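First comes the structure, then the notes that go with it.
Just so it is clear, none of the values below were taken in a lab; they were calculated from the coordinates. The structure presented is a predicted model; accordingly, all values stated were derived computationally and were not measured. Glycine also receives a Cβ, built like all others from the backbone with ideal geometry; neighbour counts cover every protein chain displayed.
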Amino acid sequence: ATAGKVIKCKAAVCWAPKQPLSIEEIEVAPPKAHEVRIKIVATGICRSDDHVIEGEISGIKYPLILGHEAAGIVESVGEGVTDMKPGDKVIPLGIPQCGKCKCCLNPYSNLCYKNDLEKYSGMLLDNTSRFTCKGKPVHHFIGTSTFSEYTVVDDIAVAKIHQDAPLDKVCLFGCSFSTGYGSAVNTAKVKPGSTCAVFGLGGVGLSVIIGCKAAGASRIIAVDLNSDKFAKAKEFGATDFINPKDYDRPIDEVLTEMTEDGVDYAFEVIGNTGVMTSALKSTHFGYGKTVIIGLAPSTATISFDPMLILTGRVLTGAILGGFKPKDDIPKLVSDYLNKKFEFDGLVTHRLPFMKINEGFELLHKGDSIRTVLTV
Ligand code: APR
Ligand code: ZN
Ligand code: ZN
């Protein structure tokens, strides 16, 4: 009944940095060719959305509709969309998979030339927006914009998932869970019996722990400045807990001593370049691998003694845990439905969509791991 028509609905609009989101009535245009309009059912609140609200990401164009960790149901599809139909359960993807570019064709990469991660055009691929509010166009955010009752995405930026998937849980596969879990199993390729250190125990860091455990790590050292985070980390499989505040020497020295010359794998899940260097230094010479996951401020740079790398340590990173989004996210959903892993404890708060700003307050206070908004 709504197909082909403009939908009026509620969305949380970010008009400008450093102010609360504003719930507005917006108009969502119908999908054009190779686009999909989605009714959002559940959407998580991620630190990256907050970085934009705080004005920390250069190049972002305001006003925009944030949100990139969601699940929903296809409302209608544009011309030429063959792999999805109204009623299908889907997860919008912050990085697309066109399947044709140099990166998509490379089995070792999960980025796509069509991503909007660094230029932040705020548009769909045809370089226009589907949103208006009070007569003004509103930008998209990395092609997802899930803080809205309805959104439109390019068909290369949405994954069709199993019809039995609980949307209020698998929404986390759009960002935090996939990012953390995949960093351990795909990017680091954690080996059974190994020792891992995870710096930062937010939703992403805890998902790294779930991945390390699933991969068979025997020792998982959880590091955070907030000791309240340790109980959850333990639940998911961490074996040792370090609060840098309890030590008067560099944390890499503490870890190196604890582990006979360093850990096999270190994960930085904060976005702090100082911690990235500590993570690198805490890995074992000859083979230690460090994975950068945290998003540092746009102006940040990192420097370290090149001997660290010359002597065989590896420094790497990945977006979305190295998963090829359109191919691998549906498989991850099926693995979850087949009980290959559990991640229920990641969602600490559930709120109705209209209380989105309360969700951001919980994030600021450090009270929540993940807040899921029900739309
Ligand atoms: N040393 C140790 N822990 C720290 C430090 C530090 N210097 N600074 C912050 N932390 C801890 C915080 O106490 C918090 O528990 O890091 C954790 C970060 O968690 P969240 O802010 O909830 O972040 P999360 O959503 O997990 O995302 C982490 O990954 O995808 C990126 O943009 C995201 O950069 C962010 C990072
Ligand atoms: Zn995110
Ligand atoms: Zn591509």
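Of note:
- Rounded to the nearest Hz, the phi-derived 3J(HN,Hα) couplings of the range 146-156 under the Karplus curve 6.51 cos²θ - 1.76 cosθ + 1.60 (θ = phi - 60°) are 9, 7, 7, 5, 9, 9, 10, 10, 6, 5, 7, where x marks glycine and proline.
- The range 4-49 - percent relative contact order, Cα under 8 Å, separation 6 or more: 33
- 126, 49, 88 arranged by Cβ crowding within 10 Å, fewest neighbours leading: 126, 88, 49
- Debye intensity ratio I(q)/I(0), log10, the range 101-197, q values 0.12, 0.23 Å⁻¹ (C-alpha model): -0.56, -1.33
- Under-21-angstrom lysine pairs by C-alpha in the range 31-184, whenever the two are 8 or more apart or on separate chains: 24
- Binned Cα-Cα distance frequencies in the range 120-253 - 5 Å width, integer %: 2, 9, 15, 15, 13, 12, 11, 9, 8, 4, 2, 0
- Our note on the geometry: Cα centres of the range 188-223 and the range 89-108, 26 Å apart.
- Screening the chain for whole DSSP H helices of 27 Å or more along their axis (Cα) with average Kyte-Doolittle hydropathy at least 1.0 returns none.
- When shorter helices are ignored and each DSSP H run of at least 4 residues is given -39500 (n - 2.57), the per-residue value for the chain at 222 nm works out to -6000 deg cm²/dmol.
- Amide H contacts under 5 Å for residue 150, placed H, 5+ residues apart: 40
- For the chain, modelled as a GNM whose springs connect Cα atoms under 10 angstrom apart, the maximal fluctuation among 200, 180, 80 occurs at 80.
- Summarised in one figure, the compactness ratio Rg/Rh of the range 268-375, Cα atoms and Kirkwood Rh, is 1.07.
- Under 5 Å, built H, 5+ apart or other chain: amide partners of residue 313: 286
- Out of every Cα-Cα pair that the range 173-226 contains, those further apart than 13 angstrom amount to 51 percent.
- Across all directions, the shadow cast by the convex hull of the range 182-336 built on its C-alpha atoms averages 9.3 square nanometres.
- Calculated P(r) of the range 320-373 - Cα pairs past 12 Å, %: 71
- Reciprocal mean inverse distance between Cα atoms of the range 24-120 - Kirkwood radius, Å: 15.4
- Residues 194, 298, 148 arranged by fewest to most Cβ contacts within 10 Å: 298, 194, 148
- Long-range tail of P(r) for the chain (Cα pairs > 34 Å, %): 25
- Extending 7 Å from the Cα toward the beta-carbon at both residue 54 and residue 113 defines two label points whose distance is 3.5 nm.
- Taking other Cβ atoms within 10 Å as a rough exposure proxy, 162, 68 sort from fewest to most as 162, 68.
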